[in-house]
1. Do you know the relative contact order of the range 289-340, to the nearest whole percent, from alpha carbon pairs under 8 angstrom that are 6+ apart?
2. At 1.4 Å probe size, with the rest of the protein present, what percent of the exposed accessible area of the range 289-340 is carbon and sulfur atoms?
3. So for 107, 314, 276, what's the accessible-area order with a 1.4 Å probe, most first?
4. What length, rounded to one decimal in nm, is gained on full extension from residue 327 through to residue 155, with 0.36 nm per residue of separation minus their alpha-carbon distance?
5. Shape verdict for the range 229-302, please, from the Cα gyration tensor: rounded (a/c under 1.5), prolate (a/b greater than b/c) or oblate.
6. What does the convex hull of the alpha-carbon atoms of the range 289-340 project to on average, in nm²?
7. What length, rounded to one decimal in nm, is gained on full extension from residue 231 through to residue 258, with 0.36 nm per residue of separation minus their alpha-carbon distance?
8. Checking the table 105/240; 223/276; 107/240; 107/276; 105/276 against a 23 Å threshold on Cα-Cα, which pairs fail?
Amino acid sequence: GVFYEVVQSFPRVEENVEMDSFVSSHRWRRHSESLKSVDTNRASMGQDSLEPGGFTDLLLEEGHDNTTQIEEDTDHNYYTSRTYGPYDSTSRDLWVNIDQMEKDKVKIHGILSNTHRQAARVNLSFDFPFYGHFLREITVATGGFIYTGEVVHRMLTATQYIAPLMANFDPSVSRNSTVRYFDNGTALVVQWDHVHLQDNYNLGSFTFQATLLNDGRIIFGYKEIPVAVTQISSTNHPVKVGLSDAFVVVHRIQQIPNVRRRTIYEYHRVELQMSKITNLSAVEMIPLPTCLQFTSCGPCVTAQIGFNCSWCSKLQRCSSGFDRHRQDWVDSGCPEEVCEETAYSSPEQLRYSSCSGPSQRIIQVLKKHRVQMPLNLLVCFPAIFFLKCALCAASTDDSAAEKKGGMLHAGLIVGILVLVLVVAAAILVTVYMYHHPTSAASLFFIERRPSRWPAMKFRRGSGHPAYAEVEPVGEKEGFIVSEQC
């Protein structure tokens, strides 16, 4: 792995941290209709302002064609990205000319501008929403990326990053290389100026920036990219362009008291196409709605935003179970929380006084298929009750695996689901035979009763489903069924 030294860090750098490199599988699928409501306007702020603190345009060289080169919106579940080509006017609007900003607000980090594989903490003057979480502190690294994690460790390149161009940059090899940042209260701009690759200095200098806006938008701007990003070697340093976030799980070590191990699980990653990163290009990423934005139960569980949002009454929080609050979500028993009271407020909407994901998902399935069923059958009817329990167990599989780290739970869940299916099938068959005593299935089981019971055979002459004449088979005594079955 690649290790970074963190200077001026607070809190201190954590050493006992494990990195989990795999990305958890998606448990949701976003609807394509959500793209229609995304505002794809330019993300430049203050571009029409005459004040020196405004965002200004980067002029193209004369003679360039102004043909629009815009890539289609790409949905990444948490963000929608749009790439602008070098000849599109929006790419110039999105570039922030730091040289024309107020001098007292532009800061050149002396340590980062003269070191290799270093990172430093920077405080924000505004709340920056990242994957639905609000950040007030970030870590800027010399390797062309921003670390956004709360737990500072040495492997900053693994996850929880905003990377306009992560590579093995070394600002110390050139006097012209600097790492600058600018904060005007509504946006933070971090720019890597004329930085070179340590293992290939002759490729030339790179100049690019990342802009974080207070509405959650993230903009990557590229001024100088002397070589195709796909040709940059990742042997000594990972090469990434995109975003990543993770949650931290604390494990207690039983053998050593008062010692905890922190494991970081990456739950989502945005990987942008490196081939689209060229001179004077830009990438705009617009945040999409998340479960964390809802503050009450009803809007949380009825939200149609592409996530399985659940409400935890103990934490008073809405979540899909995969965000930075994962530890609190599991420790508070939120995955096991069940509906205590449910009722219809209208044919199209449900009212939840206390609700959670498994029960809410069952009701949504019933509504989707227009099943007219009293809600108390969720408890009374065994098959659905067992199904709800199985969904609860499935939802807690991740937390159990995190605590015990074995594959036994997955097999247990599969076994429970198989058992539920068998029990549900048996109940459905029994109910069907009860209401259809003259059906082929009923006759089949009646004719094959154990020998210690009188074997019976129906006569189809009565024609009434509640009454039937039977005659003994292999017995001397006979009787007529005269009561309702």
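The values are calculated or read from the model by the stated rules, or taken from the named source; none is laboratory data. Everything numeric in this text was worked out from a predicted model, so none of it was measured. Please note: Cβ atoms are built from the backbone with ideal geometry, for glycine as well, and neighbour counts cover all protein chains shown. When the accessible area is computed, the model is the full protein with side chains, heavy atoms only, and any ligands, DNA or RNA have been set aside. Shrake-Rupley method; radii C 1.70, N 1.55, O 1.52, S 1.80 Å.
1. Worked out over the range 289-340, it gives 29 percent.
2. Answer for the range 289-340: carbon and sulfur cover 46 percent of the accessible area.
3. 314, 107, 276
4. Extending this stretch completely gives an extra 59.8 nm.
5. Oblate.
6. 3.3 nm²
7. Difference between extended and current length: 5.0 nm.
8. Violating the 23 Å limit, Cα to Cα: 105/240; 107/240; 107/276; 105/276.
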